[in-house]
Each structure stands twice: as structure tokens, then as C-alpha cells.
Amino acid sequence: MSNIVQELEAQIRNAAAAAVSENVGTIKAIGDGVARIEGLSNAMLNEMIEFPGGVMGLAMNLEENEVGAVLIGSGSHLREGDTCKTTGRLLQVPVGPGLLGRVVDTLGNPLDGKGPVEAAAHYPVEKIASGIISRQGVNQPVQTGILPIDAMIPIGRGQRELIIGDRSTGKTALAIDTIISQARQNKRAEEQGTEGYRPLYSIYVAIGQKRANVSRLVAKLEESGALPYTIVVVASASDSAAMQYLAPYAGCAMGEYFMDQGQDALIVYDDLSKHAVAYRQVSLILRRPSGREAYPGDVFYLHSRLLERAARINSEGGRKGGSLTALPVIETQAGDVSAYIPTNVISITDGQIFLDTDLFYQGVRPAINVGISVSRVGSSAQTKIVKKLAGSVKLDLAQFEELQAFAQFGSDLDAATKAKLERGSRIVELFKQGQYEPKSLGIEVINLYAIQRGYLDDVPVSDIRRVRAELEEEASVNAADLLAAIETEKTLTDDIDARLKAFMTSFKNSRKH
Amino acid sequence: MKITKDVQAQARRLLRLCRGADGLLDEERVRRVATAVLERRPRNGLALLTAFTELVRLDCEAHTATITSAVPLSEDEQQRIRTKLDARHAGLHYVWQNDPALIGGLSVRVGDSVTDASLRSRIERLSRI
Ligand SMILES: Nc1ncnc2c1ncn2[C@@H]1O[C@H](COP(=O)(O)OP(=O)(O)OP(=O)(O)O)[C@@H](O)[C@H]1O
Ligand SMILES: [Mg+2]
């Protein structure tokens, strides 16, 4: 509140001053959302330029006698010869908990018709990532609720995990399920008043997507009760390239607010391929030199400075120990991960989840290609009980895929190989998971326990999913206290082990009848 | 006629030649350079002259002080403004204008910096709060 008083006082002082000094310029050429301006000799890089009618621009090219500014918003009324002026400000967006549950554009203006957004502060869109001293290692999990990911490619809070794959392979679905899973955990902890629970807020940045898709997705978030914990930032395909270029940075600023408050946030950039294309357009219109695939030379820096802002902050020296987890999405063409933008982003992130078209059409959904998916830092954050139970799953599955190719040629296999094949095909079945069905930690543990301790070995592969559904239902109805114990303990204690065993045995027995 | 990077650089060199010891453009030298280019007709001569003219124009604008006042200023007032501005900028060329729309006070523009001390701008700023 004291802030606003100071702000008002400053405004009044400014208005009452006898004279104001401004740096002005004249539009020399305008078109394609870019204005070339003569004058503005004091303009700074990325400074906001004010045009007639309150339209703002961003000074992106500073040349000897000319400034190239990208217009933010519609400049259709601007003409050659119009004057504009510097503002001394950087582009800022509203941030704060008031944005949760809202759908906003790149500048933080509401798009959902729910009235003005309530901002706790304004953050600059471009910000230097936090330094080395203020960071710490990833040590808390992001429970995605997607079993194969939590078991094999665990993600930690503050990590940057890339979701990469061809079009329509379920990239967005993974991200949305993760968001829904966080919302469910937040809600449950709120209801039960769980002590020490750190809520994880989500930000979904839609870049260059069709509006119809985004509105469907928002409806889905609303339906599943995840919207109150989520901010949706939209720069759709019909918005200007400048808006699409700036959207991820704006979303990131909103996430950084939570991190600065010592809270945890998760941000999804869907997707950075379209972001790179938008930036290429802006650069070409600004006549910057282009390089490989016509992208400008700083397209690596475009993504590295964005993803570097995801961090896990320590709680020393007055810092509050928040985190920002980033899930960038990249679309590949025909599975080619060695194209320019995919290799860039792969090298920046701490691992990738690769989604495979072939697997997707074989019905393995989520279509995670285990062989080339990794999480380079997440295992130190993996929940202990999951780590214990899933320890060998990734290896089992990798061996299975290798053996499977080999087994096609011969029928006489030794017993050990057969067992591996049997186990592998069951794991594959078990890891299939529908959309919008993230699992709780307890259910994930039951699943892993069942497969790892061999309780599913006598179930025919084609029956696994049906049996799993029964198992999960049985657990939620009759073993709620066991699930709760797993949620609180988070380790495989002897007690939990015994109770899991008892539960599995009784489940098996009940099925025999 | 395309103004290439080379031509631009050449024009900038010519402009440097036209500056006197005080760093200001010397009108006589500018004229001599222009005549020389026209007479010798070097390659890209026309482009060069265009680029050169543009640079001279920008330089002139940067050294022009436009003072707009609501009512005509007296000789004495003009002299006082001149003294103040000359102390800050070298080689200024003055343009005096009247614009009753300012209501009162004046606005001074030197190059691309505008200092607006008119009544109109104060009212505008107050109305924006
Ligand atoms: N686990 C799943 N089970 C069943 N269907 C799924 C699953 N995941 C995704 N799908 C379906 O696959 C289709 C593509 O999913 P999605 O839109 O998430 O992919 P995408 O890679 O984001 O596509 P795009 O390239 O269009 O962004 C959708 O129709 C979705 O419903
Ligand atoms: Mg998608």
C-alpha cells in the first residue's frame, strides 16, 4: 500500500513540475508491426517507446541515426512522420497470486472477461537469471502423476525438462496432466491442512497456437478444477509476432514472482519451436542478418536466457528458497532431433522426454521413448519410495526393447530371456495411461509394487489394464489409510512394505473367486 | 540507386572532412565537397551525394534549436534563451515560432530532445493523473 502512495506522489510531482524533458523521434517507415524511427538518440535497448494514441513499441535495434521498434498492439493508425518518445521504462507485466485462475495476454491484460487482474507488483519482462550463489541443487520432486515419468524420468522442482516430439504425439497432454496433478495435490493438501506442504502453482504459456485449441484447453483445466492454481498466458497464432516473441518472458516473470516469495511454480512453454519462428519473423523484419534455417544469430541466447531463469533458490542470505520449474515443449519434424532449434534446446535443458509417433500409433500412450529420454538431475529429487520400487524399471524396459527386436527371429529362448520379455511387456501395458488421469503418489506406488514384486506376472498381458483399474479402485476404496500413509511417509518402511504385501495378497485372493 | 554499406562509410568520411577544429560542420567545406563530387563523378557518385546530404541534414537538425512560444518573444527574452542554450550546446541555429495553442510558456527542442514548459503540457499531465 505504501508503494501506491509513493507512486501517486511521484506522479503529482511530475505533473506539477514546470517543465518535462523528453527524447523524441519521427517515424520514417512503418509496416509489418515494425517502425523505423529517426531521432530517439537517447533510447536504450528494450526500452518502451510511446507512440500517438498510447500505442507502445519496444526499441530492439539501435543504429547510428535510426531506431527499429517493434509495435506492441495495433499500430494501424500510425503514419510516417508521426512523433514518438522514449519513456525510460522497460516492458513490465502484472504479477502476483491475483493472476491465478486467469487467462491473460502477453501484457497481462485479461482475456477471460472476469474483470481487471489484481496485481501484487509489476515485474520487468526481461530479467537476468539468478546467479550461482543464490542457487541450490534440485531436491524436491514435481509429482507429475504420470507413472512412467515419475518412475523413470523424475523431474525436480527447479529443473528444466524438455518435452519433445512430432506433432500430435501428446506433448501438450503431458504438460496439462502435470498441471492437473499439481492442482489436485494442492487442493488435497489444503483440505487436509497438510503441514509443510509446498503448493506448486502452474503457468501455461500458449505460443502461436490456435485460439480454438487454447479455449478447449482452458475449459479442460476449469473442468478438472485446475484453473484456480494456474495462470494461462496466451499469444495465439493471430497475435502479432512481437506478442508471441514476448509471451514466454512475460509468463516467466509471473513465475519468478512466486519464486521470489519462496514458493514453487511450474511453467510450461507450449511451444518454443513456434516461439523461435515468431522471433525469426521479428528479426527478419528488423533486417537483422540471418543464419542457419534463416534464424538470427542470437536464437540460442533467445532460449538460453529464458530457460536459465528457471531455478531452485536456496534460503541463505535473506533468500526465501523458492523454485521455478520449466517444461519447454519443442515440436520436431519427422522425429528429427538434430535440427537447429531442437539441438539448441536439448543442450540447454536438464533432460528431455521424447515422444515417439510410432509408439503413439501402436497405442502406447503416453508415447515416451524410454531409450532416449533422460532426466539429468531429477533422480536426486525422486520420492524415496518410488525410487526404491522403480530402481530397475528403466533398465528392464530398455533390455525388453532390445530383446524384443531380437526375439522376433527365434522362438527357442532360454527361461531368463522369456521372463524378461514377459515382465517388459507387462511394464509397457502398466505404463499406458489415459489423458487427464494423473495418479496420486499412493496409486503410483501400488502400481509399481504390483509389477516389481511379481503380482502381475500371472495376469495375461491383454488383461493388465483391466486388472490395474480394479487394483486402483480397490486401493482407493478399501486401503485409503495405506495410501495416506504412503503420502506422508514417502519411504518404503517395513510397516508400509508389510501393509502393501497384505493388500496385494488379499487383492489376489479376492480375484480368484 | 542503392546506398550500400561502402557508400555509407564513404559519406561518413566525407562528413568528417567537413568538420572544423571545433567539431562543427563548416558550410564552406560542405559546399566544396558537394561540388567536388559532382565534378569528378566517382562511381556511385549520386548515391554518395544522397547519403552525404542525408548525413548533413541529420547534423543540421541536431544543431537546430526550435523555440515555440505562446506569444512572440521580445529581443531581450530571445537573447536570454540564446545565452542559456549556447552555454550547453555549441553551434546552434535558432528557429523562433509562435503557437497560441500552447496557452502560455514555451517549448524548446534541440535535436531530438524536447523540453516542454508550456501551460498546455502541464494541463495535459495533470489531466492524466
Ligand atoms: N495418454 C493419452 N491417451 C490417449 N490419448 C491421448 C493421450 N495423450 C494424448 N492423446 C491424444 O492425442 C492427441 C494429440 O495430443 P496433444 O494435442 O497433446 O499432442 P501435441 O503433441 O501437443 O500436438 P500438437 O502438435 O498439435 O501440439 C489428442 O487428441 C489427445 O487427446
Ligand atoms: Mg500441443
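General observations
- Region A:337-350, subset away from ligand 1 (no atom under 16 Å from the Cβ) and either crowded, with 16+ Cβ neighbours inside 10 Å or in a helix (DSSP H, G or I) (or both), residue farthest from the other protein chains (Cβ to nearest Cβ): A:ASP350
- Only one of the numbered conditions (1) open to solvent by 10 Å² or more (accessible area, probe 1.4 Å); (2) touching a helix residue (DSSP H, G or I) at 6+ places or on another chain (Cβ under 6 Å) is not met by A:GLU444, and that is (1).
- Single residue of region A:76-91 satisfying the filter (of a type in the set (Ser, Thr, Tyr) and under 24 Å from A:GLN244 (Cβ atoms)) that is farthest from the other protein chains (Cβ to nearest Cβ): A:SER76
- Candidates in region A:155-168 are the residues that are over 14 Å from the mean Cα position of the chain (by Cα) and not small (Gly, Ala, Ser); of these, the one that is nearest to ligand 1 (Cβ to nearest atom) is A:ARG167.
- Residue within region B:30-37 that is in contact with a Phe, Trp or Tyr (Cβ under 9 Å, 6 or more places away or on another chain) and assigned to a strand (DSSP E or B) present: no
- In region A:422-438, the residues that are within 16 Å of ligand 2 (Cβ to nearest atom) form Cβ pairs under 6 Å with partners that are assigned to a helix (DSSP H, G or I) and modelled with pLDDT of 95 or more, at six or more places apart or across chains, as follows: A:GLN435/A:ALA173.
- Filter result (within 16 Å of ligand 2 (Cβ to nearest atom) and aromatic (Phe, Trp, Tyr)) within region A:257-306: A:TYR269
- Qualifying position, being within 14 Å of chain A (Cβ to nearest Cβ), assigned to a helix (DSSP H, G or I) and among the hydroxyl-bearing types (Ser, Thr, Tyr), among B:SER121, B:SER107: B:SER121
- Counting only strands (runs of 3 or more DSSP E) that fall entirely inside region A:1-98 and contain at least 2 residues that are open to solvent by 40 Å² or more (accessible area, probe 1.4 Å) and of a type in the set (Ser, Thr, Tyr), the qualifying elements are A:20-31.
- Inspection of region A:56-67 finds no residue satisfying the criterion of being under 35 Å from the mean Cα position of the chain (by Cα) and farther than 18 Å from A:VAL282 by Cβ.
The rows are residues; the columns are (1) touching a helix residue (DSSP H, G or I) at 6+ places or on another chain (Cβ under 6 Å); (2) away from ligand 2 (no atom under 16 Å from the Cβ).
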site	(1), (2)
A:GLY145	yes, yes
A:ARG167	no, no
A:ASP177	no, no
A:ALA183	yes, yes
A:ASN186	yes, yes
A:ARG198	no, yes
A:TYR201	yes, yes
A:ALA206	yes, no
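- Against the conditions (1) within 14 Å of another protein chain (Cβ to nearest Cβ); (2) farther than 20 Å from A:GLU126 by Cα; (3) without any contact (Cβ under 8 Å) to a residue 24 or more places away in the chain, A:LEU40 satisfies every one except (3).
- Candidates B:ARG43, B:ARG57 - the one that is part of a loop (DSSP other than H, G, I, E, B), closer than 29 Å to B:LYS2 by Cα and not polar (S, T, N, Q): B:ARG43
- From the options A:GLU256, A:GLU293, residue that is modelled with pLDDT under 95 and part of a helix (DSSP H, G or I): A:GLU293
- Test: residue in region A:52-75 that is more than 14 Å from chain B (Cβ to nearest Cβ) and of a type in the set (D, E, K, R): no
- Pairing residues of region A:265-279 that are within 15 Å of A:ALA237 (Cβ to Cβ) with residues that are in a helix (DSSP H, G or I) and of a type in the set (Gly, Ala, Ser), at Cβ distances under 6 Å and at least 6 apart in sequence or on separate chains, gives A:ALA278/A:ALA241.
Per-residue answers, yes or no, for (1) within 19 Å of the chain's Cα centre (by Cα); (2) within 30 Å of B:SER118 (Cα to Cα); (3) loosely packed, with under 15 Cβ neighbours inside 10 Å:
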position	(1), (2), (3)
B:GLY20	yes, no, yes
B:GLU27	yes, no, yes
B:LEU38	no, no, yes
B:PRO42	no, no, yes
B:PHE52	yes, no, no
B:LEU55	yes, no, no
B:GLU61	yes, yes, no
B:VAL71	no, yes, yes
B:GLN79	no, yes, yes
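- B:VAL110 vs. criteria in the same structural domain as B:ARG13 (by TED's automatic domain parsing) and open to solvent by less than 30 Å² (accessible area, probe 1.4 Å): no
- Those residues of region B:35-64 which are away from every other protein chain (no Cβ under 14 Å), in contact with a helix residue (DSSP H, G or I) (Cβ under 7 Å, 6 or more places away or on another chain) and among the small types (Gly, Ala, Ser), in sequence order: B:GLY45, B:ALA47
- Yes/no for A:LYS420 being within 16 Å of ligand 1 (Cβ to nearest atom), away from chain B (no Cβ under 14 Å), surrounded by 15 or more Cβ atoms within 10 Å (Cβ to Cβ) and among the basic types (Lys, Arg): no
- Selection count, region A:260-293, where residues are open to solvent by 10 Å² or more (accessible area, probe 1.4 Å) and more than 23 Å from A:LEU62 (Cβ to Cβ): 9
- Unmet requirement for B:LEU85, which otherwise passes all of (1) away from chain A (no Cβ under 14 Å); (2) within 15 Å of the chain's Cα centre (by Cα); (3) open to solvent by less than 90 Å² (accessible area, probe 1.4 Å): (1)
- Applying the criterion of at least 1 residues that are open to solvent by less than 10 Å² (accessible area, probe 1.4 Å) to the strands (runs of 3 or more DSSP E) found wholly in region A:121-231 leaves A:162-165, A:200-207.
- Within region A:351-387, the set of residues being more than 16 Å from ligand 1 (Cβ to nearest atom) and in a loop (DSSP other than H, G, I, E, B) comprises A:ARG376, A:VAL377, A:ALA381, A:GLN382, A:THR383.
The values are calculated or read from the model by the stated rules, or taken from the named source; none is laboratory data. What you see is a predicted model; the values in this text were computed from it and never measured. Reconstructed Cβ throughout: ideal geometry from the backbone, glycine too, with neighbour counts over all protein chains shown. Surface areas here come from the heavy atoms of the whole protein model, side chains and all, with no ligands, DNA or RNA. Shrake-Rupley method; radii C 1.70, N 1.55, O 1.52, S 1.80 Å.
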